Amino acid sequence: MPSNYISALIGFKDKRSTYEKVYRNESKLRIYGICYIHDIPMKYYLNQQSNRTLFRGRISIISPADGQILQMRGKNRREKISDLKQRNSPILDRTGRQEAFNATSELYVNTFNDEEIKRHIEKAALKLFAKYEPSIRIIQKEIGQSAKSTALTALMLYLDDFERKIYASLRPKTRKSKRCALKRVAAYVSSVPMGEVTQAMLKAYAREHSKTAKSDLLVARHFWDFCKKKRVFNNENPLDVYFDSIIQHKRKVNPGKAVQRATELTCLPTVIESKLNQIIASNINNGEYIGLLLVKECGIPAKLVCESKWKEIIFNKELDYVSIIIRKDELAGAIHNYTRPLTPFAASILTNRYTELLKTYSMEQLQEMYVASRKNDPERPLEPKALTTLCRISLIQCGIDHNNLTTVSGELHGSGIRLLLRNIKYRLEHYCGLSQDPAAVRFLLLMALNDVTAENYRSFTCPEGQAYLYNALKRDTRFIETHEPNSSEEVIKELLPDGRVKYTILPESPDKLTSFKVKFLLQPHTRIEVFAPQGLTCSIKTSRTAENPLLYT
């Protein structure tokens, strides 16, 4: 199918192009002819030489207005005049048609092979067309466009006007994507005039560009309408006919799959996650479980985990946290550096693992070793497939039902790692308090932010941004062991003049959070006041004593 709807042919693929060879005096070869570039004829000739250069000649653009060599216009002419003024050329004092303003270029070829010569001519013609495109546009606009104009010709003439009128308010990146889409469609259908594009050609384009066909053709539809108003063609817009003829098929919902998708786990139960943490902590000398740790605690895909090296792990001893350097240069957004702090649990495990490895390897050796390694060989990287299998097996060992790991398609492979990725997203939103900050969640999940403000005016990799993320990650305190208050806190008792008793508790570490559990026995109609200079949160539970119902505790 594609061969039937190729773009407008250029160079010697165009049947109108010619290539002639004759012998001059002394058996010198002369090559001449016409080469078409986007419907613009270019006249060329090559004469055989006696020196090192085999052929020397010239190629010139033929004006579609009068059939003579095209004279520079617009931007090209202004640049040429500026150059002549700098050289004080007398050409500026002359009137009429000047050869210095001809759209021509020298041509040199060092081969007798006809195919090689044609390629040299085509290359020179394309460069000449690109250089004098402003002059070509002006001439074509002056002579007007007939109904035989192809999409590429119209694109060359009206693309700038079209963008200024239709897409002026869009971002440069968006305008660029629409321009590329328009060029794809124009190149595909330019074997015929704009008004004669057939439905078969458009359907063939849709089949070959299935992912972008709809958006591409919608942009083309607007451009065809724009050109029709410019009287480039007078027929009905073929893109209107195409979209009117499309039957919109609604996707049928499979009830069974819908129910199964609705019952998929979005997060791990706390008991299961606690068991998983215990398994990871008890296998700290097994590099495979370090890979499981990075998937579970950081939401890093298996392939990226297996590529991570110890030189990408930063131990911030002064700031008391561990971070990992991650770059994703393949993303289209403005963010490519996803360096981020780890959760306290992940930081603790990685620190202990690194300390154990330092007993066997030097720090320089560890820099090039992989974080996730094979079970008994820290020097060999873990395979992504093995890590994916480990995620599934570990979840089953912790008590996850086999049915909860079966995907909608019925496949088991990858189901465990997908559940862990869903779990970390749930943790960030609900336990870390980032539900109102989707940009931070997407950053921590190594996804494009899809937010212009977040991508261009907010940094998560600066010290303040890293501190913000780390403080958010610390909010999930479900698996942090709480200890009874240290009895070394000093308690001062004072008897006030009005008969009240004042207790002042001096914590051992006032720069850290301190918790107390105090029990008082109160008489009826008495009260207790609690005060802290830096603020406090307290919960009070009252009950009557069994010995004396009038007393409260």
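Dipole of the stretch 145-245, Cα-centred, from +1 at each Lys and Arg C-beta and -1 at each Asp and Glu C-beta, to the nearest 20 debye?
500 debye
Based on other C-beta atoms within 10 Å, arrange VAL501, VAL241, VAL322 from fewest to most.
VAL501, VAL241, VAL322
Counting other beta carbons within 10 Å of each Cβ, put ARG221, ARG442, ARG340 in order, fewest first.
Least to most surrounded, the residues fall as ARG221, ARG442, ARG340.
If you rank LYS178, LYS385 by fewest surrounding Cβ atoms within 10 Å, what's the result?
Ordered from fewest to most neighbouring Cβ atoms within 10 Å, LYS178, LYS385 come out as LYS385, LYS178.
With 17 Å as the cut-off, how large is the P(r) tail for the stretch 263-370, expressed as percent of Cα-Cα pairs?
58 percent
Given 0.36 nm per residue, what is the gain on full extension from ARG58 to ARG327 after removing their alpha carbon distance, in nm?
Result: 91.8 nm gained on full extension.
Could you go through the stretch 160-177 in sequence order and give the Karplus-derived ³J(HN,Hα) for each residue, using 6.51 cos²θ - 1.76 cosθ + 1.60 with θ = phi - 60°, rounded to whole Hz, and x for Gly and Pro?
Going residue by residue, I get 5, 4, 5, 5, 5, 7, 9, 10, 5, 8, 7, 5, x, 5, 5, 4, 5, 5 Hz, with x marking Gly and Pro.
Which whole number of Å³ per residue matches the convex hull of the alpha-carbon atoms in the stretch 20-139?
137 Å³
Check cross-link reach from LYS375 to the lysines: straight Cα distance under 25 Å, and skip same-chain residues fewer than eight apart.
LYS275, LYS296, LYS303, LYS309, LYS311, LYS359, LYS385
Under 27 Å between alpha carbons, and skipping anything fewer than 8 positions from LYS517 in its own chain: which lysines qualify?
LYS517 reaches LYS474, LYS493, LYS502, LYS541.
Using a Förster distance of 56 angstrom, determine the FRET efficiency expected from the C-beta separation of ARG458 and ASP93, and round it to 0.05.
After rounding, the FRET efficiency stands at 0.40.
Is there a pair in LYS131/LYS328; LYS13/LYS141; LYS75/LYS214 whose C-alpha atoms are over 29 Å apart, and which pairs would that be?
LYS131/LYS328; LYS75/LYS214
Return the FRET efficiency for the residue pair THR174, GLU379: r is the Cβ-Cβ distance, R0 is 56 Å, and the value is rounded to the nearest 0.05.
Once the sixth-power term is evaluated, E becomes 0.75.
Need the full-extension length gain, ALA130 to GLN397, defined as separation in residues times 0.36 nm minus the C-alpha distance. One decimal, nm.
Taking 0.36 nm per residue and subtracting the Cα distance, the gain is 89.5 nm.
FYI, it's all coordinate maths here, none of it is from the lab. This is a predicted model, so every value here is computed, not measured. Cβ atoms come from the backbone with ideal geometry, glycine included; neighbour counts cover every protein chain shown.
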